[in-house]
Amino acid sequence: MLQRTEMTPFGLINMSSNGKAITNLTWLETKPETATDPKTGNKDHHNSDAILDQAFQELHEYANGTRQIFTVPVSLDHLTPALREWLNVLRQVAYGDTISYADLAIRAGKPRAARSAGSACANNPVPIIYPCHRITRLGGKLGNFGAIRTLSPMDQRNLGIKAALIAHEKTWQAKTA
């Protein structure tokens, strides 16, 4: 498993790759300790591959307003079939749009499963790429967001990231309209 961490306009992001696809994306509070290569004694700032290079390139394009849809391969094989189904519906929520957990449940053909929709967002291993930040409570309140997984999804730092992602998309959507 390869990992890379970079500071982005949305915070410090760490992504993992299995060499063929992205398997995880999370925010970090602080930069992780760098490992020392036992052969050379050099500090390893990241161990990357073409998939991670592509993922961070696309993330920077997203931050610059030139990308709305991520094309980097993502592996969901390690997830349950039910969660994969929810995430595939989630991925269809358009750039710049926000919908409620109840609306996501309706789109999934499960109109009484708003809590399951929220659970799917909470268990999304690749936020931004699968845009769970676009899902809010009824009336547009943010709800929860687990960007920095060491914090509560109700922590203001997490909600600040969610609000920033929504505002970012609304701004770029307005500029291109």
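With neighbour counts taken as other beta-carbon atoms within 10 Å, the residues L138, L90, L76, L12 rank, fewest first, as L138, L12, L76, L90. Gaussian network model of the chain, Cα springs within a sub-10 Å range: biggest mean-square fluctuation belongs to which of T71, T26, T80? Highest fluctuation among the options: T80. Across region 81-176, the fraction of Cα-Cα pairs farther apart than 15 Å, rounded to a whole number, is 57%.
In summary, region 58-121 shows an alpha-carbon radius of gyration equal to 1.24 times the 2.2 N^0.38 Å reference for compact globular proteins. Relative to its Kirkwood radius, the Cα radius of gyration of region 131-177 gives an Rg/Rh of 1.02. Think of region 93-177 as having a plus end and a minus end, set by charges on the Cβ of Lys, Arg, Asp and Glu; of A164, S116, N144, S116 sits farthest toward the positive end of this dipole. From the P(r) of the chain, could you give the percentage of C-alpha pairs in the tail past 28 Å? Value for the chain: 23 percent of Cα pairs lie more than 28 Å apart.
Read the figures in this text as sums done on the coordinates, not as results from a lab. What you see is a predicted model, and the numbers here were worked out from it, not measured in a lab. Cβ sites come from the backbone with ideal geometry, for glycine too, and all protein chains shown count toward neighbours.
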